[in-house]
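Beneath this line is the structure, given in structure tokens, with notes to follow.
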Amino acid sequence: MRQQGILAVLIVAIMLSSCGCLGGGQSNDTNTAPLANSLLVVRSVEVMVGYNTSLSCVLNITNGQGLDNQVVYWYLDGQPLGQSSTYFGFATYNLSVSDVSGLALGEHQILAEYKGNADYAGSQAEGVLLVIAAPTPTPTPTPRPTATPRPTATPTPTPRPTATPRPTATPTPTPRPTATPTPQPSSSPARTLRPTPSPSQTPTASSSPTPSRRTRSVT
């Protein structure tokens, strides 16, 4: 009976200490501090069909400090893709070539979600994944073999017939007229012809040695 009484006293003492009735009536309750806000930012990205790409985000707190080793969940067009962990606030999620090829051309919604922990509240962010078509490859023209140039035929000159020299005409000598000999005057002294006296003229003196006579003209 004594042991049961001691056990009952200990139980009562434990109950009183847990409800704060001992130690001057102090309470053991503490106020819970509010969670710090987190900020999640998703980067939009463009990808071409036939290539892979990466989705990325940054998880910070209000003072800009990145949260490390936190889990981010990824969604594309409302469908879950997977999850990745932050490294100094950065997180990425890779899309393979087959993942991109399975998407339609155009814009797709990216959603990243951080669900928070005991110290930080959760947050969400959205971005755009733009899928574009690959360019049509231009066919490479097949090189054609270069034709070997043919040697240019040298034209053979056509021999011209040699002109037959015409016989030179022998000029017919023009007969010169026979020169008529000019009669030479004889060496005998020429007789001086006496002029016939006109009736009106005074007769000249004869060359004879007859004495001159004074004649009177008859009128």
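A few remarks follow.
- Of all residues in region 90-108, those satisfying the criterion of being open to solvent by 70 Å² or more (accessible area, probe 1.4 Å) and not in a helix (DSSP H, G or I) are F90, T92, N94, L105, E107.
- The residue that is farthest from M48 (Cα to Cα), among those in region 109-156 that are part of a loop (DSSP other than H, G, I, E, B) and hydrophobic (A, V, I, L, M, F, W, C), is A153.
- Options P137, P145, P159; residue that is under 30 Å from V97 (Cβ atoms) and modelled with pLDDT of 70 or more: P137
- Note on region 7-69: enclosed strands (runs of 3 or more DSSP E) holding 3 or more residues that are β-branched (V, I, T) and modelled with pLDDT of 60 or more are 53-61.
- Under the condition of being closer than 30 Å to R43 by Cβ, open to solvent by less than 90 Å² (accessible area, probe 1.4 Å) and not β-branched (V, I, T), the residues counted in region 129-163 number 4.
- Here E126 qualifies as under 20 Å from V45 (Cα atoms), open to solvent by 100 Å² or more (accessible area, probe 1.4 Å) and touching a residue at least 40 places away in the same chain (Cβ under 8 Å).
- The single residue among V131, V72 that is closer than 21 Å to N37 by Cβ and at pLDDT 95 or above turns out to be V72.
- You will find that of S123, S188, S217, S207, the residue that is under 60 Å from the mean Cα position of the chain (by Cα) and either modelled with pLDDT of 80 or more or more than 30 Å from Y73 (Cα to Cα) (or both) is S123 and no other.
The values are calculated or read from the model by the stated rules, or taken from the named source; none is laboratory data. These figures come from a predicted structure and were not determined experimentally. For neighbour counting, all protein chains shown are included, and Cβ atoms are generated from backbone atoms with ideal geometry for every residue, glycine included. The protein model used for the area step is the full one, side chains on, heavy atoms only, and it has no ligands, DNA or RNA in it. Shrake-Rupley method; radii C 1.70, N 1.55, O 1.52, S 1.80 Å.
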